[in-house]
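Note sheet for the following structure.
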Amino acid sequence: MTYCVALRLERGLVFAADTRTNAGVDNIAQYRKLHFWREPGKRVLVLLTAGNLAITQSVVSVLNERLAERDEAKADSLFDAPNMYRAARIVGDAVREVRRIDGAALEASRSGFGANFILGGQIGDERPRLFQIYAEGNFIEATEDTPFLQIGEHKYGKPILDRVADARMRLGEAAKLALLSFDSTLRSNLSVGMPIDLLLYERDSLDVRRQSRIGQDDDYFKKLSTAWSEALRHAFTKIDEFKG
């Protein structure tokens, strides 16, 4: 399994994804779950993937094949989309294509067709947008009321996002929040693991300028985790104990 989170802010977008793939306690590996495409000055699109690795890799391959076949006009590609809504439709179509090919066999084996995606980015003058795309190919969009989306093992990292996420945050603040969400998840779920891929997209830059991979020995993450644990313990001791 995996965990991915993305935030839509007034200043841009923040994406984070772990890299652990778990096919049993004796079959754990690392695979990149954060993918991006860019035409500098025109568009940036970022895709986070969670679920069956074979499915998610096939979807990414379909999207890349369509980019390679643009001149042959066989199908719309991410670089043909006039806006982010159409880009989300293209990803949804790729999911349905993979489901058409592999879905029946997966259902017959009781594995099921399990995959989810988060697509975000900016095309031209349109403001940055963020979508969650389901295994059926349909999707929802992040809003002002809910400026973040999660896929995978999201339940442990959701409480802090519910309390703190705000579309007016700076990108660095949102990145800190995303990493705190990961810290909670890593402590409670062994199927999520480091390193974490992190990408910060600055609104209207129409390029990828800030990305990093955060490993087990990353100084900032260790400091963040320790400070958060101490702050929680301090807050706990300051609350009156139950007297009932």
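Laboratory data are not the source of any read-out in this text; all were calculated from the coordinates shown. This is a predicted model, so every value here is computed, not measured. Don't worry about glycine lacking a Cβ; one is built from the backbone with ideal geometry, like all the others, and counts go over all protein chains shown.
Database remark: amide H of MET169 closer than 5 angstrom to the amide H of GLU10 (H placed geometrically; neighbours at sequence offset of 5 or more, or on other chains; Pro and chain starts carry no H).
Coupling constants for the range 40-47 follow from the phi torsions by the Karplus curve (6.51 cos²θ - 1.76 cosθ + 1.60, θ = phi - 60°), and in residue order they are x, x, 10, 6, 9, 10, 10, 10 Hz; glycine and proline get x. Using θ = phi - 60° in the Karplus curve 6.51 cos²θ - 1.76 cosθ + 1.60, the 3J(HN,Hα) couplings for the range 156-161 round to 6, x, 6, x, 5, 5 Hz; x is entered for Gly and Pro.
Each residue of the range 197-206 is assigned a 3J(HN,Hα), and the resulting list reads 8, 10, 9, 10, 10, 8, 3, 6, 6, 6 Hz, derived from the Karplus form 6.51 cos²θ - 1.76 cosθ + 1.60 (θ = phi - 60°), x at Gly and Pro.
Fewest-first ordering of THR237, THR185, THR19, THR49 by other beta carbons within 10 Å of each residue's beta carbon gives THR237, THR19, THR185, THR49.
Only Cα pairs under 8 Å and 6+ residues apart enter the sum, and on that basis the relative contact order of the chain stands at 28 percent. Ellipticity at 222 nm from helices only: DSSP H runs of n ≥ 4 in the chain, each -39500 (n - 2.57), divided by the residue count, give -12000 deg cm²/dmol. Note on the chain: with charges restricted to the Cβ of Lys and Arg (+1) and Asp and Glu (-1), its dipole about the Cα centre is near 360 debye.
Exposed loop sites here mean trypsin sites (Lys or Arg not before Pro) with a DSSP loop assignment and at most 15 other beta-carbon atoms within 10 Å; the chain contains its longest site-free run at 111-154.
Sparsely packed loop sites in the range 67-113 (the GluC sites (Glu not before Pro) outside DSSP H, G, I, E and B with at most 14 other Cβ atoms within 10 Å) comprise GLU69.
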